[in-house]
1. What would the Debye formula give as log10 I(q)/I(0) at q = 0.08 Å⁻¹ for the alpha-carbon point model of the chain, no solvent?
2. Which residues does the label zone of residue 539 cover in segment 454-478, counting backbone N under 20 Å from a point 7 Å along Cα→Cβ?
3. Given axes a ≥ b ≥ c from the Cα gyration tensor, I'd like to know whether segment 42-160 is rounded (a/c under 1.5), prolate (a/b larger than b/c) or oblate.
4. Explain nothing, just the number: relative contact order of the chain, from Cα pairs under 8 Å at least 6 residues apart, as a whole percent.
5. Write down the percent of antiparallel bridges among all DSSP beta bridges whose residues are both part of the chain, to the nearest 5.
6. Bins of 10 Å, beginning at zero and ending with the bin holding the largest distance: percent of Cα pairs per bin for segment 451-589, please.
7. Per 0.36 nm of contour for each residue apart, how much would the distance between residue 553 and residue 599 grow if the chain were fully extended, relative to their Cα-Cα spacing?
8. Please find the FRET efficiency linking residue 158 to residue 28, where r is the Cβ-Cβ separation and R0 is fixed at 56 Å, and quote it to the nearest 0.05.
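Please treat every number below as a calculation from the coordinates, not as lab data. Worth saying up front: this structure is predicted, and the values here are computed from it rather than measured. When we count neighbours, we look across all protein chains shown, and the Cβ atoms used for this are built from the backbone with ideal geometry, even at glycine.
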């Protein structure tokens, strides 16, 4: 492979200009044929209730209404659960506030939304379970609990010189993608349907719809050109909208578009899982963990959705970058009367990492030591202390050089001294600083999802190349990187490569674009397809020109064999005239991975990504207001395919993580009604929330030791965890109020209110 031509090139995003100019086509931009109808959803106003009656007479009579669908209109499976049942399209019993009950198609969106408000629904209200603690008390779970044990944790805790107990909570997070949920369905002959959906998982969308209609999968084609952000929120949560839209199209026999507004979207869909933990830890005088006992529980909502895999990944990342020789974890998946929570960038890994980071931080505070020192003492090592609590040997560990380099380049120690001096002189304004590491595993932990297909054509008239894969372009630059890989492999200009919309009738049985594996999987599948075409060309040249065996070199528009050189365009044309196939499918499956879920043991990941971040913050102890002053990041991207795109992912991921840990707070009333369902009540980071000084760099010595394209490493999910440093910098600033003698208690997100509560609690102990 001739990767050095276009690989590691600072190439702009292939749709960047179209994004900022408004020319990029999304699902809502597709031209609508005459007769298109527009959908709206009527949802439950109760969080838990028996539905006594739904009277839709006034809805049906409403202006512009053409079709109304309920559960009675579903010929097949009334459920969109991806793994388990539990998420009915239209339920018999309401289980959360915002759950769809029926839907309408009308001649305009405005008329459809007005119509659904005329429904008369009578309920018999039932008791609501709203929180993790309520669910634990009532033993309300969506799946069985998990239990993991390594070594003798209880014994080691008992024998340890020092011990700590505590609890910690990380909150939920709304996905808030720029493009909301939207579906557009066009019916065809033979009861076929063309479905355009803003989804990260077209193949499962196809399967869900086929099962709902009780039809064969080959009657449903799902197409996705691009989506305006997903972050995991369109991995499963998009299914309900695509399914309802298809149902409306089937009943009306007309094209239907369903685009929900932001309020309805937030009310109807699930979010990042809240996690609650209780822990007991034993450690020595140096702060090295001897034993750890954790009770971990997550808020799953009404169904499993992806909670099984998300909680599993949380358990797999409880160690973060630390060697835990003796550990016991009990994990509970709590059922609550809220929308089914789902995938969100990090997929549970970051919630698990926050648990251990909080424990490490508390150990340091209890010993009156710098947390940076305690973190380093507990790191995995290279030749010993390198086996995880689930039995995987770490063979690519670079956390220590990354950590040490960042400590030096950020002047962490010097700044920490200056901050302590600042705090001693300022009564109401306090600063804090923290450094946190990252070790994040890459692969789907559901083993069969680690596969991908591709379809590649080379056209005989001009030698241009058309690529189709299962990858979804979400703004992360996957199409750009795949095109770069194709250009490098064929020795062609970037302009001669076209990566087209993902379609289930071109590349079937695709996995979701998720788990930070999209480019790894789909790029490798594409290269497999290209290699097959190159083999065809090599056999043709060998036959016709009697060239010797040997690998051809593709570069600068030429194809060079031993003793013979061809212009690429002419060779392609000649091959076509000699009936040589210039099209091929490709396939890739991730090697080495194996994992026993019952024993919680094996190798669930192909490789790890590493990184570290230093954050400095300032807080006002009278108001709780806070500001990120400076951030330094050093992140392992291996040998990047496109450094510019990776840089964007590192910076964007950090800011999204900072939002989760400092300001984005999802709240419910005691009756199960969500109250933070619009930009007026739910705050996401804005321009003013950017650090005043933001220094993010790619670790230049990074190389992936595994057989991954270009020796690169992903930058989808891992950079978000760099934001942990912000949370612990805030905690450090709070600690200064008590002259660093008392361990602060604060849960995430560290909102101004929680900062004030933590400060007041700390002052009460002085």
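1. Results for the chain at q = 0.08 Å⁻¹ read -0.69.
2. Residues 454-460 fall inside that zone.
3. Taking the square roots of the gyration eigenvalues as a ≥ b ≥ c, segment 42-160 is prolate.
4. 16 percent
5. Counting DSSP beta bridges with both partners in the chain, the antiparallel share is about 80 percent.
6. Spelled out per bin, shortest first, that is 13, 43, 30, 12, 2.
7. Extending this stretch completely gives an extra 11.8 nm.
8. E(calc), rounded to 0.05, equals 0.40.
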